[in-house]
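The values are calculated or read from the model by the stated rules, or taken from the named source; none is laboratory data. Remember, it's a predicted structure, so these values are computed and weren't measured experimentally. No Cβ is skipped: glycine too gets one built from the backbone with ideal geometry, and neighbour counts run over all protein chains shown. Just the protein is used for accessible areas: all its heavy atoms, side chains included, with ligands, DNA and RNA removed. Shrake-Rupley method; radii C 1.70, N 1.55, O 1.52, S 1.80 Å.
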Amino acid sequence: MRRLILLRHGQSVWNLENRFTGWHDVDLSEKGRDEATTAGALMRDAGILPDAVYTSVLTRAIRTGFMSLDVLDRLWIPMIKDWRLNERHYGALTGLDKAETADQYGDEQVHVWRRSFATPPPALAADDERHPRHDPRYADLDPAELPATESLKDTLARVLPYWRSDLVPALQQYPTLLIAAHGNSLRALVKHLEGISDEAITGVEIATGDPLVYELDDDLSVARKYSLREPA
């Protein structure tokens with residue numbers, strides 16, 4: 001039996017300010033830091049100790065993983081960072097206030113951009129400073145790989161190959177694996193793990209700072225799933 005723990009990062013500064021964040025790198029708010037340490041305490045109290053942690057290259061996810069491991073006294077375990085676990089890219093909406101964006105484009109259009117499976121927001125121009133090709137953390141990547149916007153479908157298209165190439169072998173190596181990432185990259189994993197339809201995944205939410213545990217059989221099919229805030 002293998003255990004996979006999915007942990008959505010705590011509240012970020014831009015979450016607090018009600019802004020579209022996506023690939024923009026912001027840190028945790030004070031509430032987010034509390035959520036990260038609480039997540040560590042929940043794992044500790046449940047006796048669930050990760051053997052390795054995978055995270056995105058964005059500070060809010062890295063810090064969430066780090067702070068939860070600090071509570072567990074497991075800062076020494078491997079931490080692997082990869083851009084393919086990044087949040088969904090919100091394109092030209094990045095940095096905009098969500099309420100003001102709804103006033104400008106209408107609630108219905110913004111709802112489609114935020115919650116539909118396959119409709120991305122407007123894309124960033126290549127010369128926009130918000131485009132990831134201008135961020136040094138992606139300097140070694142082919143610019144053609146870097147998104148200017150993404151839907152959840154697009155996010156799944158980069159997360160699923162990473163699941164197969166890196167996370168599946170990691171689960172074969174480490175009995176308990178923690179993934180500290182983002183709402184949409186984790187929803188992509190949940191969709192795959194549970195076989196959720198394109199339509200149904202739009203209604204799935206993952207709470208911040210709440211370790212979601214999957215117990216997996218040898219073939220990595222889901223034997224049991226539960227939240228550490230509300231154990232089954």
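In segment 28-95, if every C-alpha pair distance is counted and binned at 10 Å from zero, what percent goes to each bin?
So the P(r) values, bin by bin, are 21, 46, 26, 7, 0.
What percent does the relative contact order of segment 106-184 come to when contacts are Cα pairs within less than 8 Å and at least six residues apart?
The value is 27 percent.
Tell me the per residue accessible area of segment 17-134 using a 1.4 Å probe; a whole number in Å² is fine.
Per residue, segment 17-134 has 46 Å² of solvent-accessible surface.
If you roll a 1.4 angstrom probe over the protein chains with everything in place, what fraction of the accessible area of segment 174-232 belongs to carbon and sulfur, to the nearest %?
46 percent
Top mean-square fluctuation among 166, 127, 27, Gaussian network model of the chain, C-alpha springs under 10 Å?
127
Hey, got the dipole for the chain? About the Cα centre, +1 on K and R Cβ, -1 on D and E Cβ, debye to the nearest 20?
With Lys and Arg at +1 and Asp and Glu at -1, about 440 debye.
Can you tell me the FRET efficiency between residue 25 and residue 70 if r is taken as the Cβ-Cβ distance and R0 is 22 Å, rounded to the nearest 0.05?
With a Förster radius of 22 Å, E is 0.60.
Which order, highest average first, do 72-84, 50-62 follow once you tally other Cβ atoms within 10 Å for each residue and take the mean per peptide?
Peptide ranking by packing, descending: 50-62, 72-84.
Under the rule a/c < 1.5 gives rounded, and otherwise a/b versus b/c splits prolate from oblate, where does segment 71-138 land using the Cα gyration tensor?
prolate
Apply the Karplus parameterisation 6.51 cos²θ - 1.76 cosθ + 1.60, with θ equal to phi minus 60°, to every residue of segment 13-30 and state each ³J(HN,Hα) to the nearest whole Hz, in sequence, with x for glycine and proline.
3J(HN,Hα) across segment 13-30, in whole Hz: 4, 6, 4, 4, 8, 6, 10, 5, 9, x, 8, 5, 8, 10, 8, 6, 6, 4.
Taking a label point 7 Å from the Cα of residue 82 along the Cα→Cβ vector, which residues of segment 208-231 have an amide N closer than 14 Å to it?
Under 14 Å, as judged by backbone N against the label point of residue 82, lies no residue of segment 208-231.
Treat every Asp and Glu Cβ in segment 36-83 as -1 and every Lys and Arg Cβ as +1, leave all other atoms uncharged, and give the resulting dipole magnitude about the Cα centre to the nearest 20 debye.
160 debye
Under a 5 Å amide H to amide H cut-off, with H placed in plane at 1.01 Å, what residues pair with residue 80 once short-range neighbours are removed?
Amide H neighbours of residue 80: 53, 54, 55.
Could you tell me what percent of the accessible area of segment 1-59 is made up of carbon and sulfur, with a 1.4 Å probe and every protein chain present?
The nonpolar share, carbon plus sulfur, comes to 44 percent.
Taking the 0 to 90 degree range and rounding to the nearest ten, how far is the long axis of helix 183-194 tilted relative to the main principal axis of the chain, both from C-alpha atoms?
So the inclination is approximately 50 degrees.
What is the total of Lys pairs in the chain with C-alpha atoms under 24 Å apart, excluding same-chain pairs fewer than 8 positions apart?
For the chain, the number of qualifying lysine pairs is 8.
Obtain the nm distance between the two label points defined at residue 123 and residue 197 by a simple spin-label model: each point lies 7 Å from its Cα along the Cα-to-C-beta direction.
So the two model labels end up 3.0 nm from each other.
Working from Cα positions, state the angle (0 to 90°, nearest 10) between the long axis of helix 59-71 and the longest principal axis of the chain.
For helix 59-71, the angle is close to 20 degrees.
For segment 1-134, take the convex hull of the Cα atoms, compute a quarter of its surface area, and give me that in nm², please.
Over all viewing directions, segment 1-134 projects a mean Cα-hull area of 9.7 nm².
For the pair residue 111/residue 205, report the inter-label distance in nm, with labels modelled 7 Å from Cα in the Cβ direction.
With each label point 7 Å from Cα toward Cβ, the separation is 1.5 nm.
For segment 123-143 and segment 164-232, write down the distance between their C-alpha centroids in whole Å.
Between the Cα centres of segment 123-143 and segment 164-232 lies a distance of 29 Å.
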